[in-house]
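K.L.:
Starting off with a structure, shown below.
The values are calculated or read from the model by the stated rules, or taken from the named source; none is laboratory data. Computed from a predicted structure; not experimentally measured. Cβ sites come from the backbone with ideal geometry, for glycine too, and all protein chains shown count toward neighbours. SASA here: full protein model, heavy atoms, side chains in, ligands and nucleic acids out. Shrake-Rupley method; radii C 1.70, N 1.55, O 1.52, S 1.80 Å.
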Amino acid sequence: MGLSWQQGPLSTGAIGRFLVPEPLPKRLLYVEPLRRRMRVRFGGIWIADSEHVFLLFEPGRYPVAYFPETDVSPHTLERTEHTTQHPDLGLTSWYSVRADEQHIAPRGAWQHTSLPAHASELQARVAFAWRAMDAFYEEDERIVGHAADPYHRIDIRQASRNLVVRHGDRIIADTKRPLVLYESGFAPRWYVPRADIDESALSPVKLQTFCPYKGLCSYYTIGDARQAAWSYPDAYPGVGRISNLVSFEPDIVSVYLDGIQLHLEPGQTVVPHGPDRNLDVAEVVPANNHE
């Protein structure tokens with residue numbers, strides 16, 4: 001997604017390449033001002049509030065927000081003895097985050113304390129462990145999953161191509177009005193209106209996952225094909241056109257576009273990674289509620 005994740009230009013699986021005469025380093029880190037007000041909530045109070053956040057893009061990770069020390073509430077951070085060594089940014093010191101005696105997050109924040117000269121933008125800045133905090137906000141809207149990547153984009157286009165989905169001898173879907181979703185770092189995904197699907201073939205499963213850009217996702221089994229399809233029953237407003245439509249996994253069932261079978265493309269496999277890799281789906285339900 002965006003710059004550093006999935007197949008972005010700074011990721012380890014980039015689909016393109018930089019047109020330069022000499023090879024670039026295998027790991028390129030990038031930092032830039034977020035230019036949005038960002039706040040952190042923990043233990044029922046705001047513990048950080050800044051209009052001067054920097055985002056760090058690191059290969060294979062979602063962007064991480066770094067707050068100036070001066071924009072973190074006094075007495076919130078307590079340095080621990082725990083340190084780690086970042087491969088590019090040097091010694092990293094870890095903090096407990098304390099809102100009060102009942103709300104303490106061990107190793108809830110970190111700071112790079114021996115930065116090389118070329119990474120001075122992160123000097124005297126603190127990052128908070130995403131899952132350890134109650135919530136992160138941009139202005140008054142909660143941001144769920146990880147810091148929003150300004151280079152991540154989703155475009156949805158109406159198509160009139162014939163999309164057919166089969167499992168064995170059974171036609172599961174047949175439409176000439178699919179929507180195609182283009183998402184940064186991913187191969188295209190095709191979505192089918194339910195009216196063009198034999199819904200008796202879809203068996204809901206308990207699995208749910210979450211996309212910070214599209215919302216809560218539900219899955220279906222088709223016969224013996226597990227998790228062969230998925231849907232966003234109530235997709236976020238920005239991608240509301242795919243709400244309740246169904247997409248099918250081309251490496252599990254047979255998907256044909258204008259008679260040509262689709263196959264799983266590089267960038268379609270999603271590998272959970274980064275600070276939100278164990279996100280509890282239950283956290284998403286109140287995502288749009290204001291505190």
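K.L.:
For the chain, what's the relative contact order in percent, using C-alpha pairs closer than 8 Å and at least 6 residues apart?
P.N.:
Rounded, it is 15 percent for the chain.
K.L.:
Now a separate question. List every residue whose amide H lies under 5 Å from the amide H of ALA48, counting only residues 5 or more places away in sequence or on a different chain, with H placed 1.01 Å from N in the peptide plane.
P.N.:
Those lying under 5 Å, H to H, from ALA48 are VAL40, SER73.
K.L.:
Next question. Which whole-number percent gives the relative contact order of the range 79-119, counting Cα pairs below 8 Å spaced six or more residues apart?
P.N.:
37 percent
K.L.:
At a Cα cut-off below 30 Å, give the lysines reachable from LYS214, other chains included and same-chain residues fewer than 8 away excluded.
P.N.:
LYS214 reaches LYS176, LYS206.
K.L.:
When the Kirkwood radius is taken over all Cα pairs of the range 24-72, what Stokes-Einstein diffusion coefficient follows at 20 °C and 1.002 mPa s, in µm²/s?
P.N.:
In µm²/s, the coefficient rounds to 178.
K.L.:
Compute the distance in nm between two label points, each set 7 Å from the Cα along the Cα-to-Cβ direction, one at ASP234 and one at LYS176.
P.N.:
With each label point 7 Å from Cα toward Cβ, the separation is 3.5 nm.
K.L.:
Hey, another quick one. Give the span of the range 45-97's Cα atoms along each principal axis, as three whole-Å numbers ordered largest to smallest.
P.N.:
So the extents along the principal axes, rounded to whole Å, are 32, 29, 16.
K.L.:
If R₀ is 22 angstrom, what is the calculated FRET efficiency for the pair HIS82 and GLN123, using the beta carbon separation as r and rounding to 0.05?
P.N.:
The computed FRET efficiency comes out at 0.60.
K.L.:
Something else: Wrap a convex hull around the Cα atoms of the range 59-215, take a quarter of its surface area, and give that in square nanometres.
P.N.:
The orientation-averaged projected area of the Cα hull of the range 59-215 comes to 14.5 nm².
K.L.:
Sticking with this structure for a sec: Just subtract the alpha-carbon distance of HIS103 and SER200 from 0.36 nm times their residue separation and send over the number in nm, one decimal.
P.N.:
30.1 nm
K.L.:
With the full set of protein chains in place, find how many percent of the accessible area of the chain is carbon and sulfur; take the probe as 1.4 Å.
P.N.:
The nonpolar share, carbon plus sulfur, comes to 50 percent.
K.L.:
Just to confirm my numbers, what's the Cα centroid distance between the range 201-255 and the range 81-132 in Å?
P.N.:
If you average the Cα positions of each part, the centres end up 37 Å apart.
K.L.:
Please list log₁₀ I(q)/I(0) at q = 0.12, 0.15, 0.23 Å⁻¹ for the range 1-100, using the Debye equation with identical point scatterers on the alpha-carbon positions.
P.N.:
Computed log10 I(q)/I(0) values: -0.54, -0.78, -1.23.
K.L.:
Once label points are set 7 Å from the Cα along Cα→Cβ at both ARG131 and LEU19, what is their separation, rounded to one decimal in nm?
P.N.:
So the two model labels end up 4.2 nm from each other.
K.L.:
Take the alpha-carbon positions of the range 155-254, form their convex hull, and give its projected area averaged over all directions (one quarter of the hull surface) in nm².
P.N.:
If I average the Cα hull's projected area over directions, I get 6.1 nm².
K.L.:
Leaving out ligands and nucleic acids, note down the accessible area per residue over the chain with a 1.4 angstrom probe, in whole Å².
P.N.:
On the way: 15170 Å² over 291 residues.
For the chain, the solvent-accessible area averages 52 Å² per residue.
K.L.:
Report relative contact order for the range 7-151 in percent, whole number only (criteria: Cα-Cα under 8 Å, sequence separation at least 6).
P.N.:
Relative contact order of the range 7-151: 21 percent.
K.L.:
Rg and Dmax of the range 109-177, using alpha carbons, in Å: what are they?
P.N.:
Cα only, the range 109-177: 22.8, 63 Å (Rg, Dmax).
K.L.:
For the range 208-256, just list the percent of Cα-Cα distances falling in each 10 Å bin from zero outward, please.
P.N.:
Distribution as computed: 28, 48, 23, 1 percent.
K.L.:
Using r as the Cβ-Cβ distance of HIS75 and ARG35, and R0 as 25 Å, what FRET efficiency do you calculate, to the nearest 0.05?
P.N.:
With a Förster radius of 25 Å, E is 0.30.
K.L.:
Run the dipole for the chain about the Cα centre, Lys and Arg Cβ at +1, Asp and Glu Cβ at -1, nothing else charged, and hand back the magnitude in debye, nearest 20.
P.N.:
It works out to roughly 600 debye.
K.L.:
Output the direction-averaged projected area (hull surface divided by four) of the convex hull of the alpha-carbon atoms of the chain, in nm².
P.N.:
The number I arrive at for the chain is 17.7 nm².
K.L.:
Stretch ILE45-GLN208 to full length: gain in nm at 0.36 nm per residue minus the Cα-Cα span?
P.N.:
Working it through step by step, the gained length comes to 55.7 nm.
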